[in-house]
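Here the structure is laid out as structure tokens; the discussion comes afterwards.
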Amino acid sequence: MNPENGKKSLFASRRSFLAVPPALFLAGCRFASGGKVDSTLKGFQRFNDWIQAKVFDPKKMAQEYSDEELTPEDGFRVNGYDTDEPDMDIPHWRLIVDGLVQKPGEYSMEEITKLPKYVKNLRHCCVEGWSMIPKWGGVLMKDFLDMVGADPKARYIAAECGDDYYTAWDMPSAMHSQTLLAYEAYGKPLELEHGAPLRVVMPVKLGYKSAKWITRLTITNEKPGGYWEDQGYDWFAGL
Ligand SMILES: Nc1nc2c(c(=O)[nH]1)N[C@H]1C(S)=C(S)[C@@H](COP(=O)(O)O)O[C@H]1N2
Ligand SMILES: [Mo]
């Protein structure tokens with residue numbers, strides 16, 4: 001693991017970003033909210049989520065970049081709260097889908113990659129104050145949710161990951177036409193450290209919503225938490 005990217009730098013920057021409004025140093029990223037919310041302000045966070053959900057425009061596109069604007073592959077950063085190499089058993093990997101869905105079950109890569117493939121150059125904005133523009137390849141999360149019969153009127157989707165990370169999204173952001181289940185980066189199979197075999201890419205939100213190594217999606221009406229969200233980070237995290 002690169003010591004630049006691990007837990008240490010995350011905690012170092014958590015301290016500094018309380019003092020600096022994220023919008024000032026998230027180059028190329030326009031963070032819609034106020035960053036870390038003090039736990040005494042839970043009510044404010046709920047209001048903040050409600051406002052962000054209200055103003056979210058599912059038709060508004062995140063910028064897509066040309067190949068010339070891509071971050072060179074050697075600048076494709078790795079970041080994670082714990083490990084960059086969780087134990088994934090990729091040959092036997094299945095994505096578990098449950099909750100408010102017509103066809104709950106375990107879906108293989110073979111079934112997922114049958115959906116239409118999209119390649120998009122999208123900016124990833126980390127709350128720590130850096131961004132990058134990788135070339136992603138994968139399927140639309142919307143196409144997958146349609147395939148499994150996820151209830152489009154359900155409010156949330158919770159994700160679990162192979163490193164015990166977890167996060168969640170509002171349904172409109174999950175159904176957004178730029179939200180990907182990515183299995184490729186830079187035209188090659190996703191590397192383990194970037195979330196293989198399957199990760200989320202959600203350019204309408206801060207990077208901690210783009211879950212790597214996903215193992216389970218649960219469609220629900222009860223608002224789920226997240227690893228960073230439960231520590232006071234913005235739940236909606238819209239850009
Ligand atoms: N499973 C999992 N997904 C995760 C994280 C994590 O720790 N575990 N970190 C998030 C954060 S904060 C960032 S910035 C990106 C980093 O993705 P990358 O390693 O491909 O740059 O992954 C996000 N998804
Ligand atoms: Mo991040």
How would you order 204-217, 104-117, 161-174 from highest to lowest mean count of nearby Cβ atoms within 10 Å?
204-217, 161-174, 104-117
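Apply 1/(1 + (r/R0)^6) to the Cβ-Cβ distance of Lys153 and Ser177, taking R0 = 30 Å, and write down the FRET efficiency to the nearest 0.05. Intermediate results must be reported in sequence, preceding the final value.
Working: r = 19 Å, r/R0 = 0.62.
That pair, Lys153 with Ser177, gives E of 0.95.
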Just report the Cα centroid separation between region 100-137 and region 162-199, whole Å.
4 Å
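Between Lys223 and Lys59, how high is the FRET efficiency from 1/(1 + (r/R0)^6) when r is the Cβ-Cβ distance and R₀ = 22 Å? Nearest 0.05.
Values: r = 24 Å, r/R0 = 1.10.
That pair, Lys223 with Lys59, gives E of 0.35.
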Placing unit charges on C-beta atoms (Lys and Arg positive, Asp and Glu negative, everything else neutral), compute the dipole magnitude of the chain about its Cα centre in debye, rounded to 20.
920 debye
Long-range HN-HN contacts of Arg155 with modeled amide H, under 5 Å:
Thr220, Asn221
Can you list residues whose amide H is under 5 Å from Ile96's amide H, if they're 5+ apart or on another chain and H is modeled 1.01 Å from N?
Tyr107, Arg216, Leu217
Can you work out the Karplus-derived ³J(HN,Hα) for every residue in region 86-91? Use 6.51 cos²θ - 1.76 cosθ + 1.60 with θ = phi - 60°, whole Hz, and x for glycine or proline.
x, 6, 9, 6, 4, x
Share, in percent, of DSSP beta bridges within region 86-239 that are antiparallel, nearest 5
90 percent
Bin width 5 Å, origin at 0, all Cα-Cα pairs of region 58-231: what percent of pairs per bin?
1, 9, 18, 24, 23, 16, 8, 2, 0
Among Ser210, Met132, Leu145, whose Cα projects farthest towards the positive end of the dipole of region 58-231, with charges put on the beta-carbon of Lys, Arg (+1) and Asp, Glu (-1)?
Leu145
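Nearest 500 deg cm²/dmol is fine: what mean residue ellipticity at 222 nm does the chain get from its DSSP H runs of n ≥ 4 alone, each adding -39,500 (n - 2.57), divided by its residue count? Before the final figure, lay out the partial values.
Details: 6 runs with 45 residues, N = 239.
When only DSSP H runs of four or more count, the value is -5000 deg cm²/dmol.
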Once you measure Cβ to Cβ distances between cysteines in the chain, which Cys have no partner under 4.7 Å?
Cys126, Cys161
For Glu191, put the label point 7 Å out on the Cα→Cβ axis and report which residues of region 100-143 keep their amide N under 15 Å from it.
133-136
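At a 10 angstrom cut-off on C-beta neighbours, averaged per residue, how do the peptides 88-97, 226-235 rank from highest to lowest?
On the way: 88-97: 14.4, 226-235: 19.4.
Top to bottom by mean Cβ count within 10 Å: 226-235, 88-97.
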Can you list the HN-Hα couplings for region 63-74, worked out from phi with the Karplus curve (6.51, -1.76, 1.60; θ = phi - 60°), rounded to whole Hz and with x for Gly and Pro?
5, 10, 10, 7, 4, 5, 8, 4, 5, x, 4, 6
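To the nearest 0.05, how large is the calculated FRET efficiency for Asp89 and Thr113 if R₀ is 22 Å and r is the Cβ-Cβ distance? Intermediate values should be presented prior to the final figure.
Working: r = 18 Å, r/R0 = 0.82.
The value I calculate is 0.75.
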Got the relative contact order for the chain handy, in percent, Cα pairs under 8 Å and 6 or more residues apart?
25 percent
Under the 7 Å Cα-to-Cβ spin-label approximation, Gln102 and Arg46 lie apart by a distance in nanometres of 3.5 nm
Dipole of region 58-231 (Lys/Arg Cβ +1, Asp/Glu Cβ -1, origin at the Cα centre): which of Leu122, Gln102, Met88 lies farthest to the positive side?
Gln102
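Only the coordinates and a few stated rules stand behind these numbers; no lab work does. Keep in mind the model is a prediction, meaning the values are calculated, not measured. Positions of Cβ are generated from backbone atoms using ideal geometry, with glycine treated the same way; all protein chains shown enter the neighbour counts.
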